[in-house]
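Written below as structure tokens is the structure these notes are about.
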């Protein structure tokens, strides 16, 4: 995927934060100016420990999850994909570059601010089915 100015700036901030092990005041200001409320929500999710990295054994498959307000969101960082409505209605329509879940995952991965959960491969199918389930089904 081609990088845009937002993504380039985010990558620079992530490199700086990773090297320092924290987000500096300048990093926080830059990210807020770039993403506004999406960054505020991402920072809250980071502080609340809502990012999970599932590692399935023995295959080594990795699945990233951000626990949202209404459900868990499946994140595919390499594809820049999220299962949230904001992704479908604003990111795909190119109204915004990324949803706050993708931003949260990227920051968490770079800062090491996530929980790692080891699971057996046998549970992969069941968990993926649950994570991909539409919200309407979850509420029923």
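Could you check, for the stretch 99-116, whether at least one of its residues is at pLDDT 95 or above, farther than 18 Å from residue 13 by Cα and exposed (fewer than 14 other Cβ atoms within 10 Å of the Cβ)?
Looking through the stretch 99-116, at least one residue is at pLDDT 95 or above, farther than 18 Å from residue 13 by Cα and exposed (fewer than 14 other Cβ atoms within 10 Å of the Cβ).
Of all residues in the stretch 15-40, which are buried (at least 18 other Cβ atoms within 10 Å of the Cβ) and under 19 Å from residue 96 (Cα atoms)?
30, 31, 35, 38, 39
I'd like the full set of residues that are closer than 21 Å to residue 17 by Cβ, touching a residue at least 24 places away in the same chain (Cβ under 8 Å) and over 11 Å from the mean Cα position of the chain (by Cα), limited to the stretch 46-79.
49
The values are calculated or read from the model by the stated rules, or taken from the named source; none is laboratory data. In this text the structure is predicted, and so the values were computed from the model without any measurement. Note that each Cβ is placed from the backbone with ideal geometry, even for glycine, and that neighbours are counted across all protein chains shown.
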